[in-house]
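Written below as structure tokens is the structure these notes are about.
The values are calculated or read from the model by the stated rules, or taken from the named source; none is laboratory data. Predicted model only: the values in this text are computed from it and were never measured. Reconstructed Cβ throughout: ideal geometry from the backbone, glycine too, with neighbour counts over all protein chains shown. Each accessible area value is taken on the protein alone, full model and side chains, heavy atoms only, with ligands, DNA and RNA left out. Shrake-Rupley method; radii C 1.70, N 1.55, O 1.52, S 1.80 Å.
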Amino acid sequence: MKTTIANVHKHLNETVTIGAWLHNKRSSGKISFLQLRDGSGFIQGVVAKAAVSEEEFELSKEISQESSLYVTGTVVEDSRSPLGYELQVTGLELIQEAVDYPITPKEHGTEFLMDHRHLWLRSKKQHAIMKVRNEIIRSTYEFFNNEGFVKIDPPILTGASAEGTTELFHTKYFDEDAYLSQSGQLYMEAAAMALGRVFSFGPTFRAEKSKTRRHLIEFWMIEPEMAFMDHEESLQMQEEYVAFVVQSVLKNCQVELDTLERDRSQLEKITAPFPRITYTDAIQLLKDQGFDDIDWGDDFGAPHETAIAESFDKPVFITHFPLHIKAFYMKPDPDNPDVALCADLIAPEGYGEIIGGSERIDDYELMAQRYKEHDLEGPAYQWYLQLRQYGSVPHSGFGLGLERTVAWITGIEHIRETIPFPRLLNRLYP
RNA sequence: UCCAGCGUAGCUCAGAGGUAGAGCAAUCGGCUGUUAACCGAUUGGUCGCAGGUUCGAAUCCUGCCGCUGGAGCCA
């Protein structure tokens, strides 16, 4: 019967057929070892000359990397296999012979692999990263569903920017100007006033000329927005959410974490609550560590963020940033109007900011004043101002960058491997 | 945009004024427990592009193009 590699454990000592690609092979005169993959996992097929026809044994020795085939064999336990099982092959049927597959089992450079991203995804490490990414997405939906959130999809084509701080991709919308969304947040605030607790999951676009291991031009964000929630309650939701995702990956992606050689003890520590430090204390911490290139009122650079993160072994919230370096919609702290009720969550091990969030301004007069200060007047934002006019309530929200989170949890060096087809400063192919 | 480094075989790299090299891949052969298998043989080149210096340039110089790492910007 036909099955998948992920399900062979249900067919111990039975004969099964698997549709697969040849990942690699080793052969000697009378026995061949086929490393097979079918998308669900990897398994070794052992072809003994005596167990198959002469034609099939010849095929097992000659078959090329990434050729597709149907493999029939008996599932047996084997302690030498990472999966715990291997296939004693009794039949081989070639579907298509792959000629000169470019990605060999040896080393390759970054540019070459990126040019062959459509094929690179087949390799073991990339396969593992995509499985972890999927588990992060799956557990995100599980967490927010459990907390009574409704998934809401904000538009990708917008008439104006949410924050005005970043470079947008411009396009034509018939006779009007339009921009690709850099954040769904303003729309999510409208949705929260309709449905209470909402979250979005979708792509965002930033035309920044950033060229670092932490930046993508197109990246995916998870943006929850919660009515009747203040800043402190939002922080609790954030730490519980992130801890839930990490623990879900630990539980459901053990083979993948092993493939990625991820140090699990680093992830096992990730439980709520997370440490918090105010912006003002973080500046002092940096000065105590010898940084003399930053003063109160400056935003953090990458080395600053990393230094703060390394002072903790869990993700750390940096709270209460100066109002003027943050977005116009953030609510000032009633106890100190120079700072905002906001927080960035910095991942450990130098992976940088993974969440930015705040309580939002709910007072109509103050929001109207911010509009003037930030020169945001005009029809594009009228609807957003109206949210403060008709039953305004305290509310908070945050945005989590999926790819940075995947990079942190998988422990990989560069964000370009966390998304199937990365859009980078100089890359739109494949 | 700025700083630094790199462009040589399909891939990863060595060669630093004097005959273009290795490992892997590919092709042929050998091997019954391999784990990036191993062993033997064969094939494979516009040395990124353009100009210059020199008897002679992959090698030195200039410009351009491309890539990588970092900074800034940003999440």
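Picking from A:Thr140, A:Thr74, A:Met367, whose Cα lies most toward the positive end of the charge dipole for chain A (charges on Cβ: Lys, Arg +1; Asp, Glu -1)? Checked the options; the winner is A:Thr74. For A:Lys326, the aspartates and glutamates whose Cα comes closer than 13 Å to its Cα, not counting residues fewer than 8 places off in the same chain, are A:Glu163, A:Asp298, A:Asp299, A:Asp338, A:Asp344, A:Glu359.
With protein chains left intact and a 1.4 Å probe, residues in the stretch A:245-363 average 42 Å² of accessible area per residue.
Excluding same-chain neighbours fewer than eight residues apart, the lysines reachable from A:Lys49 by a Cα-Cα span under 20 Å are A:Lys25, A:Lys30, A:Lys61.
When A:Trp21, A:Trp296 are compared by accessible surface with a 1.4 Å probe, the order from highest to lowest is A:Trp296, A:Trp21.
Is any helix in chain A, taking whole DSSP H runs, at least 18 angstrom long along its axis by alpha carbon and on average at least -1.0 on the Kyte-Doolittle scale, and which ones? Helices meeting the span and hydropathy rule in chain A are A:124-146, A:231-252. Helix-only arithmetic for chain A: the sum of -39500 (n - 2.57) across DSSP H runs with n ≥ 4, divided by the residue total, places the mean residue ellipticity at 222 nm at -8500 deg cm²/dmol.
Using a 1.4 Å probe on the protein chains only, how many percent of the accessible area of the stretch A:117-418 belongs to carbon and sulfur? Percent of accessible area from carbon and sulfur atoms in the stretch A:117-418: 49. Each part reduced to its alpha carbon centroid, the stretch A:7-61 and the stretch A:280-310 end up 56 Å apart. Could you list the chymotrypsin sites (Phe, Trp or Tyr not before Pro) in the stretch A:187-268 that lie in coil according to DSSP, counting only those with at most 16 other Cβ atoms within 10 Å of their Cβ? Answer in residue order: A:Phe228.
Charges only on Cβ, +1 for Lys and Arg, -1 for Asp and Glu: so what's the dipole of the stretch A:1-75 about the Cα centre, in debye to the nearest 20?
The calculated dipole for the stretch A:1-75 is roughly 260 debye.
Taking 18 Å as the straight-line reach from the Cα of A:Lys331, the lysines in range (excluding those fewer than 8 positions away in the same chain) are A:Lys372. Among A:Tyr329, A:Tyr101, A:Tyr371, which one shows the biggest mean-square fluctuation in a GNM of chain A, springs joining Cα atoms closer than 10 Å? Highest fluctuation of the listed residues: A:Tyr101. The residues of the stretch A:5-96 expose, per residue, 49 Å² of accessible area to a 1.4 Å probe.
From the Kirkwood radius over Cα pairs of chain A, Stokes-Einstein at 37 °C and 0.692 mPa s returns a whole-number translational diffusion coefficient of 135 µm²/s.
What you get for the stretch A:117-418, charging only the Cβ of Lys and Arg (+1) and of Asp and Glu (-1), is a dipole of about 1460 debye around the Cα centre.
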